[in-house]
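A short write-up of the structure that comes next.
What follows is calculated from the coordinates using simple rules that are stated; it is not laboratory data. On a predicted model such as this, the values are computed, not experimentally measured, just so you know. Because the Cβ atoms are built from the backbone with ideal geometry, glycine has one as well, and the counts that use them run over all protein chains shown.
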């Protein structure tokens, strides 16, 4: 046994794993007491961490030991036990973890709430609601946050109602809005929407609304966000990416021409590109001239993508002016567009591009000219 | 609350008009299967308009009118080993993957590697070796491998004596490789730097059409066309001292990452370093590499 425990302290991950696997082949009554000691050995963090790995690997078999440790006089051991019970995920631990929500140590209460969230049993919801109230009364936000997070993970109608109540009573409002975003649902959107025009909370509220709506597959009527366009354009400048994204999504749904340059700028950001393109598509003709102006500006990123997008919108005539562009991808779009336009100008463009330095541009122009000649 | 409820089936009055579906679900599924099989890339279903914007010109070039025709052509002809179909597959992959890169991207990794170079040199001198080899896997338009070329030069560790410096960029996108070989860059490639920055002035000539890398930093670098999923892409590069493969795995499935890790493992020397993007991880994707925290970054080494 001493050899196996020594292996647990190995720095090498492979050796540690092998030691844990050997340990777990022994009967529980042999190794669990040793793991309990290791978990309480605060002087040896490596052994303690390895003991936690071993507990996780033991899974259900470790349950009685961990439930015992949840009552340890040592608060740190109680924290570890709660964390491990959450990791293992056995429902049998739920009633014990609910009791841990009343632990004298705040960090144990936090660990208990987090574990309940990970296990996901709905019978914990009422107790978590109590934990939020308790944290609010005693002025301790961290246990409240852990409880709200747990409610968001567990989900369901009761959890949602508790969080909505927190929002309405202004109980740790920002945390509650964040939890509502994660729990989702149309009721959550309704509750959060009340804060969309609040200076302090609009970013959180917007993020929650659009993210929930997107998960649901819902779309807002354009008028809802159109009236908020000036505010959304402000929020779009946020350095926080998730907030910027939420504003861009709302702008793409708004069908408001004031958003056009924000949408065009966002084409260059991969995570935002789809929303930007959809927003521009909805704007239709109103986006064409801004797109052309942006392509003309050599410093605009993703000019080729914008040119391709003009083609998707069917703006072939507009693309002909880019036949002399320095980027071959844009000249290619001009060549392909010229094939769709019946005009002398288009033929001129194709003739010029049939001698282009880039093979693909030359080839596209020549093929199109041949088709026209055949006709 | 003005929310459209699609689940009722019937549209409510005053709804926003539906977007035209450019790629059908069936076409998207076939395309996704194809690119994953060939390149390990995972296509996300909620980005169909982006995909169509990236690919529509391929249909135009081939004179095709639908993705079904495109996929039929690719499927039949690449199965027969047709080189044009293979070329089109590579062009497809290049369009789907974001070629965005720039100089000094994730600079902290370069700074850490600068420190590792001393260890590398010490080991080589002790072992009587006189070459250093670095690979940029998924090199795109070359900014990363050229950044490494500059780094090696600045270290002055391999400047004297008969040192051979091998810097190789590998990518599946031939058009990106053409740009890389030209080594002519726009402001976009210096987005973390001011164009007046000393870095730009020291290593580039200003030309009318952009900034051209000076010959001293360009000449040690070679580029090759290759698919990272294919071991043949690394032929002749065995014993590499470092591989940089950053912001490539974000597009790929775990299975593809594991496959590529195997190729890296075969190519990298035992003491070699593997750098991936700071938002990427190989943990739980392969047992062949283990992470090490050094100089404030995570770098991967071959597992013992």
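Sorted from longest to shortest, the spans of the Cα atoms of chain A along the three principal axes equal 90, 53, 32 Å. What is the angle, in °, between the Cα long axis of helix A:303-312 and the longest principal axis of the Cα atoms in chain A? Nearest 10 is fine, range 0 to 90. For helix A:303-312, the angle is close to 70 degrees. Helix B:67-79 axis versus longest C-alpha principal axis of chain B: approximately 50°, rounded to the nearest ten.
Here the range B:172-258 is treated as an ellipsoid with the same Cα gyration tensor; its semi-axes, largest first and in whole Å, are 29, 16, 13. A simple spin-label model places pseudo-atoms 7 Å from Cα toward Cβ; at residue B:214 and residue A:24 they are separated by 5.8 nm. A compact globular protein would have a Cα radius of gyration near 2.2 N^0.38 Å; the ratio found for the protein assembly as shown is 1.12. Between B:142, B:239, B:169, the GNM of chain B built on Cα springs shorter than 10 angstrom shows B:239 fluctuating the most.
The value of relative contact order for chain A, using C-alpha pairs under 8 Å at least six residues apart, is 6 percent.
Where only DSSP H runs of four or more residues are counted, chain A gives -21500 deg cm²/dmol as its mean residue ellipticity at 222 nm, each run worth -39500 (n - 2.57). Comparing A:339, A:14, A:86 in a Gaussian network model of chain A where C-alpha atoms under 10 Å apart are linked, the largest mean-square fluctuation is found at A:14. Relative to the longest principal axis of the Cα atoms of chain A, helix A:173-183 runs at roughly 80 degrees. Over the range B:72-155, the reciprocal of the mean inverse Cα-Cα separation, the Kirkwood hydrodynamic radius, stands at 15.9 Å. Taking chain B as a Gaussian network of alpha-carbon nodes connected by springs under 10 Å, the highest mean-square fluctuation of the residues B:201, B:247, B:90 belongs to B:201. For the range A:191-232, what class follows from the C-alpha gyration tensor (a ≥ b ≥ c being the square roots of its eigenvalues): rounded when a/c is under 1.5, otherwise prolate if a/b is larger than b/c, else oblate? Oblate is the answer for the range A:191-232, as a/c is 1.5 or above yet b/c matches or exceeds a/b. Our summary gives the range A:14-150 a relative contact order of 17 percent, counting only alpha carbon pairs under 8 angstrom and 6 or more residues apart. Antiparallel beta bridges, as assigned by DSSP with both residues in the protein assembly as shown, represent about 45 percent of the total such bridges. Taking 0.36 nm per residue of separation and subtracting the current Cα-Cα distance, fully stretching the chain between residue A:142 and residue A:357 would add 71.0 nm. Residues A:136, B:160, A:142 in ascending order of nearby Cβ atoms (within 10 Å, fewest first): B:160, A:142, A:136. Between residue A:87 and residue A:340, how high is the FRET efficiency from 1/(1 + (r/R0)^6) when r is the Cβ-Cβ distance and R₀ = 56 Å? Nearest 0.05. FRET efficiency, residue A:87 to residue A:340: 0.40. Going by neighbour counts of Cβ atoms within 10 Å, the residues A:119, A:110 line up, fewest first, as A:119, A:110. Ordering B:221, B:290 by the number of other Cβ atoms within 10 Å of each residue's own Cβ, fewest first, gives B:290, B:221. Once the Cβ-Cβ distance of residue A:227 and residue A:187 is raised to the sixth power relative to R0 = 22 Å, the FRET efficiency obtained is 0.45.
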